[in-house]
Amino acid sequence: MSTENQTDRPVSSAPVLEVKKIVKTFRHVEALRGADFDVRAGEIVGLVGDNGAGKSTLIKTICGVYEPTSGEIFVNGNKVDIDSPSVARGLGIEVVYQDLGLAPDLSAVENLFLGREIIRGGKFGQLFGFLNRRAMLQETNEAMAKFKLEIVKPTREVGTMSGGQQQRVSIVSAAMGEGQVLLLDEPTAALGVEARRRVNDLIRNIRDGGAGVVIISHDLPDLLEIADRIHIMRQGQRVAVLDREDFDLELIVDIMSGAFV
Ligand SMILES: Nc1ncnc2c1ncn2[C@@H]1O[C@H](COP(=O)(O)OP(=O)(O)OP(=O)(O)O)[C@@H](O)[C@H]1O
Ligand SMILES: [Mg+2]
């Protein structure tokens, strides 16, 4: 039997992103207790674990939202110090946060171009940083068409949009970044069936383009469809890594809940 994941795609074995023994404490809470993690170029890793296992904290530590208490992060084998989200972005790490991380008072278009605004040409445009709103709207429309993910009225304030629409803004933003690593924390939780399918297709395309993709999801059947490997976290640590041929829903649930620990 062959599935979409068992093609001849070249998957490099060297990780594009690797995390070694990350510890993150919040006052008395040890959210990460020496967690390891890695994703290779051209693969989708599903990151699973019960509520509170440390998945979102791991993502936010990789993206420079949190400073790790200790531990190391490597990008393409080089040790990096990611002390802000803009550093992460500069390293080609794009993210969709569980809490979306959008600016609610700005429009979808403004959110998509936050930190990478298109400035109008000409002496005054450059001098005063006037935004080229028409160009940004046009690129937004092109991105929505390319990624087959429509945002209704993208000039509207994001804070007035439904949860699913906001999730689309966040996903389009991350996909537009064309990074070498894409981290998605429950990206489709608020989406309907059809939009979910389109996001999964988009994620496969991004993977096939050579990026390393990480998806956090509690929808295990959906994740087992799309992932090339599954990493299981429990109580702030990675406790198991499964390759596709070892995927087994019951086994994963048992490991997540600690039946084997
Ligand atoms: N900013 C914070 N301050 C204090 N404790 C935190 C903070 N963020 C996370 N924690 C704690 O760290 C632990 C891990 O939380 P985290 O959000 O990473 O879990 P998760 O695996 O993403 O869970 P979920 O599936 O519910 O999203 C939890 O005990 C949580 O209460
Ligand atoms: Mg979480």
Signed unit charges on C-beta, dipole axis of segment 105-178, positive-most listed residue ALA174, GLN138, VAL152:
GLN138
Longest segment of the chain lacking trypsin sites (Lys or Arg not before Pro) that sit in a DSSP loop with at most 11 other Cβ atoms within 10 Å:
117-261
Members of LYS21/LYS146; LYS55/LYS79; LYS60/LYS148 lying beyond 30 Å, as alpha-carbon distances in this model show
LYS21/LYS146
Quick one: angle between helix 163-176 and the longest Cα principal axis of the chain, in degrees between 0 and 90, rounded to 10, please.
90
Cα-based helix-to-principal-axis angle, 133-147 vs the chain, degrees rounded to 10
40
Amide proton proximity set for ILE119, modelled H, under 5 Å, gap of 5+:
ASN132
Carbon and sulfur atoms account, in whole percent of the 1.4 Å probe accessible area of segment 105-178, for 52
May I ask you to list the chymotrypsin sites (Phe, Trp or Tyr not before Pro) in segment 85-167 that are in a DSSP loop and have at most 16 other Cβ atoms within 10 Å of their Cβ?
PHE130
Probe radius 1.4 Å, ligands and nucleic acids ignored: give me the carbon and sulfur share of the accessible area of segment 207-258 as a rounded percent.
42
Relative to the Cα centre, what is the charge dipole magnitude of the chain, using +1 at the beta carbon of each Lys and Arg, -1 at the beta carbon of each Asp and Glu, and rounding to the nearest 20 debye?
960
Keeping every protein chain present and rolling a 1.4 Å probe, give me the accessible area per residue for the chain in Å².
50
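The values are calculated or read from the model by the stated rules, or taken from the named source; none is laboratory data. None of the values given here were measured: they were computed from a predicted structure. Cβ: placed from backbone, ideal geometry, glycine included. Neighbour counts: every protein chain shown. For the accessible areas, the whole protein counts, side chains as well, though only heavy atoms, and no ligand, DNA or RNA atoms are used. Shrake-Rupley method; radii C 1.70, N 1.55, O 1.52, S 1.80 Å.
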